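The values are calculated or read from the model by the stated rules, or taken from the named source; none is laboratory data. Source: prediction; values computed, not measured. Positions of Cβ are backbone-derived with ideal geometry, glycine not excepted, and every protein chain shown enters the neighbour counts. For accessibility, only protein heavy atoms count, side chains too; no ligands or nucleic acids. Shrake-Rupley method; radii C 1.70, N 1.55, O 1.52, S 1.80 Å.
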Amino acid sequence: MAHAINWFEIPASDFERAKKFYETVLAISMQLPSQEMNYAMFPADMQSGEIGGGLVEEKGYEPSEKGSLVYLNGGEDLDVPLARVEAAGGKILTLKTSLGPNGFMATFLDTEGNRVAFHSMK
């Protein structure tokens, strides 16, 4: 097994608001695989081993600040996406924190009330 994580899904109560939040904070365009459901995929090249995930608004998916914590790629320096969180409607919970030789992390609440984190080596 190459990775413990294969896929993740972040719940949304307002799909368009959540999609706009993540596209703004991460400076990405999310892919919409189907027009029949509110689902968008974070960019990932799964053929080369990258881990992918989605944003979903559907019955049974409830945003929460409790439970599992998803760490998103903060890029070269997580200060960059972290600086966009509050302007995009989220709330920073933990400022950039050193993990010693394992890089840095920070946590935030997205527009849906999910506790999410960034990780980077700088």
- [ ] Only residues in the stretch 77-96 that are under 25 Å from Asp14 (Cβ atoms) count as the first member; pair them with residues that are open to solvent by 80 Å² or more (accessible area, probe 1.4 Å), Cβ under 7 angstrom, at least 6 apart or cross-chain, and list the lot.
- [x] Ile92/Glu86
- [ ] Kindly indicate whether any position in the stretch 15-29 is surrounded by 14 or more Cβ atoms within 10 Å (Cβ to Cβ) and either at pLDDT below 95 or assigned to a loop (DSSP other than H, G, I, E, B) (or both).
- [x] no
Open item on the list: Out of the residues in the stretch 65-97 meeting the condition of being small (Gly, Ala, Ser), in contact with a helix residue (DSSP H, G or I) (Cβ under 7 Å, 6 or more places away or on another chain) and under 20 Å from Gly52 (Cβ atoms), tell me which one is least open to solvent (accessible area, probe 1.4 Å).
Closed with: Gly74
TODO: Mind listing whichever residues of the stretch 1-14 are exposed (fewer than 14 other Cβ atoms within 10 Å of the Cβ) and closer than 25 Å to Glu65 by Cβ?
DONE: Ala4, Ile5, Asn6, Trp7
Task: Per-region count, the stretch 46-59, residues open to solvent by 70 Å² or more (accessible area, probe 1.4 Å) and either charged (D, E, K, R) or assigned to a loop (DSSP other than H, G, I, E, B) (or both) - done: 3
Open item on the list: Going residue by residue through the stretch 30-39, is there one that turns out to be within 12 Å of the chain's Cα centre (by Cα) and under 16 Å from Val70 (Cα atoms)?
Closed with: no
Open item on the list: Against the conditions (1) open to solvent by 80 Å² or more (accessible area, probe 1.4 Å); (2) farther than 23 Å from Asn6 by Cα, where does Glu62 fall short? Just the number, please.
Closed with: (2)
Task: Output for the stretch 98-112, where each listed residue is surrounded by fewer than 20 Cβ atoms within 10 Å (Cβ to Cβ) and either out of contact with any Ser or Thr (no Cβ under 9 Å at 6 or more places or on another chain) or touching a residue at least 40 places away in the same chain (Cβ under 8 Å) (or both) - done: Ser98, Leu99, Gly100, Pro101, Asn102, Leu109
